[in-house]
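Notes for the one structure printed next.
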Amino acid sequence: MTGLTVENLHKSYPGTPVLRGIDLEVKSGTLTAILGPSGSGKTTLLRVITGFEHADRGIVTLNDIVVDDGHRRVRPEQRRIGLVPQDGALFPHLTVRANVAFPLPRRDRHGSRPDEMLELVGLSGLAARYPHQLSGGQQQRVALARALASQPGLILLDEPFSSLDAGLRATVRADVLAVLRDTGATTVLVTHDQDEALSAADHVAVLREGSIIQADTPRQLYQCPVDPQIAAFVGTANLLEGTWDGTSVTTALGRHGIQAGLRAPEPGHVTVLIRPEQICLAQSGDDAVPAHVTATHYYGHDAVVAVRPDANGSARRNGKSRNGHHLNGKLALAKDLRVRVTSDPPSPGACVKLTVRGSVAAWAAAEN
């Protein structure tokens, strides 16, 4: 069963197209993240799904019921959608329990359902408190309990963790997602946080300029992005110029195979993706490329090292360079590479050698 289906959805404001033919499917019991930068149309898409805005054309279906076809639409309160907004939006004059009970019919507000929801989110001892007496994370869990109280067919999370500090954000996110999975809720998470989308969702749909460019599992999205822009948006991306001969790709770091699952481009100039964790700082090796460290960024659990291959160590390739500099028949990179390391990182100025493990993604290079 499909919890949410959006087909060919268009929405414009006066003189400004915002959604340009959105197609999206969210299966029941799964969590799909809508990922996109500011201005990509995320909020408008959410508002059309909830019924706060109407579609210009297209179809929105919730649990096999058409709620908007561009002509007729079901009122927001009749769509059985639970919404957890960015700031929680709790009623300050109501207790925690009363906030959770608010979406229920009057006859049910004094029943056991609000208490069951507070126990589910781990706040059963705070029922008599008011929102201002809670931490930011506790307020978000109350908002989740309220959204779940009426047993909705769909939960929408609208950047619900963005106002929390980094340490609290990870903890609250884990707690909220655990509750959603335990209840089997069909969930859509709207976010601009790439790490959040990749770590939390079963599927991720990337929205750009009002269109979904790619909808896939987090692993497939990260390893096989459909274009260089997606590659750079969903993680740190080393984008190199290269040449594809139909068998392998040649870049400044050597020869590489094409990632399985990607359609190989036509032979010629290509843009190549190499992720930071694919580059190894080698001790030696005939195929290793000499380089030197330009910067080190230490994060505790790992470090990202910026390196620049030496001009006389770049891989040989045929043809003229487009984005780099052509030096003595070899390609020198125009910018530093990023390398992720988990052991002691080298200091700036250190000489290292680079090798690449695994295959790469490649796309036909854009014409100038």
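The values are calculated or read from the model by the stated rules, or taken from the named source; none is laboratory data. Nothing here was measured: the structure is a model prediction, and the numbers come from that model. Please note: Cβ atoms are built from the backbone with ideal geometry, for glycine as well, and neighbour counts cover all protein chains shown. These area figures cover heavy atoms from the full protein model, side chains too; ligands, DNA and RNA do not enter into them. Shrake-Rupley method; radii C 1.70, N 1.55, O 1.52, S 1.80 Å.
When every residue of region 66-73 is checked against the conditions, at least one turns out to be open to solvent by 60 Å² or more (accessible area, probe 1.4 Å), under 27 Å from Ile212 (Cβ atoms) and modelled with pLDDT of 95 or more. Looking at Leu144, Leu148, just one residue is assigned to a helix (DSSP H, G or I), in contact (Cβ under 8 Å) with a residue 60 or more places away in the chain and touching a Gly at 6+ places or on another chain (Cβ under 8 Å), and that residue is Leu148.
Among residues that are touching a Leu at 6+ places or on another chain (Cβ under 7 Å) and more than 18 Å from Val6 (Cβ to Cβ), Val84 is included.
Pick from region 243-263 the residues that are assigned to a strand (DSSP E or B) and polar (S, T, N, Q): which of them is most open to solvent (accessible area, probe 1.4 Å)?
To start, the set of residues in region 243-263 that are assigned to a strand (DSSP E or B) comprises 243-244, 249-251, 254-256, 258.
Going one step further and asking which of them are polar (S, T, N, Q), we end up with 243, 250-251.
Values: Thr243: 35, Thr250: 16, Thr251: 1 Å².
The selected residue is Thr243.
Among the residues of region 152-164, write down those that are modelled with pLDDT of 90 or more and either part of a loop (DSSP other than H, G, I, E, B) or loosely packed, with under 15 Cβ neighbours inside 10 Å (or both). Within region 152-164, Pro152, Gly153 meet the criteria. Of the residues making up region 23-46, those that are open to solvent by 10 Å² or more (accessible area, probe 1.4 Å) and of a type in the set (Ser, Thr, Tyr) are Ser28, Thr30, Ser38, Thr43, Thr44. Among the residues of region 208-229, the ones that are closer than 21 Å to Thr30 by Cβ, open to solvent by 30 Å² or more (accessible area, probe 1.4 Å) and touching a Gly at 6+ places or on another chain (Cβ under 8 Å) come to 3 in all. Taking first residues from region 3-16 that are under 8 Å from Ile59 (Cβ atoms) and partners that are among the aliphatic types (A, V, I, L, M) and surrounded by fewer than 17 Cβ atoms within 10 Å (Cβ to Cβ), the Cβ contacts under 8 Å between residues at least 6 apart in sequence or on separate chains come to Thr5/Ile59; Val6/Ile59; Glu7/Ile59; Asn8/Ile59; Leu9/Ile59. Residues that are buried (at least 17 other Cβ atoms within 10 Å of the Cβ), of a type in the set (Val, Ile, Thr) and not in a loop (DSSP other than H, G, I, E, B): does region 109-126 have at least one? No, region 109-126 contains no residue that is buried (at least 17 other Cβ atoms within 10 Å of the Cβ), of a type in the set (Val, Ile, Thr) and not in a loop (DSSP other than H, G, I, E, B).
The residues of region 323-355 that are modelled with pLDDT under 55 and open to solvent by 80 Å² or more (accessible area, probe 1.4 Å), listed by number, are Asn323, His325, His326, Asn328. Determine, yes or no, whether Ile49 is open to solvent by less than 10 Å² (accessible area, probe 1.4 Å) and not in a loop (DSSP other than H, G, I, E, B). Spelling it out, Ile49 is indeed open to solvent by less than 10 Å² (accessible area, probe 1.4 Å) and not in a loop (DSSP other than H, G, I, E, B).
Residues in region 102-151 that are under 19 Å from Leu180 (Cβ atoms) and among the acidic types (Asp, Glu): 2 in all. Among the residues of region 51-81, how many are in contact with a helix residue (DSSP H, G or I) (Cβ under 9 Å, 6 or more places away or on another chain) and closer than 12 Å to Val6 by Cα? Result for region 51-81: 6.
Against the conditions (1) within 24 Å of the chain's Cα centre (by Cα); (2) at pLDDT 90 or above; (3) open to solvent by less than 60 Å² (accessible area, probe 1.4 Å); (4) not aromatic (Phe, Trp, Tyr), Val100 satisfies every one except (1). In this structure, is Ala232 of a type outside the set (Val, Ile, Thr), at pLDDT 90 or above, open to solvent by 50 Å² or more (accessible area, probe 1.4 Å) and not in a helix (DSSP H, G or I)? Spelling it out, it is not the case that Ala232 is of a type outside the set (Val, Ile, Thr), at pLDDT 90 or above, open to solvent by 50 Å² or more (accessible area, probe 1.4 Å) and not in a helix (DSSP H, G or I).
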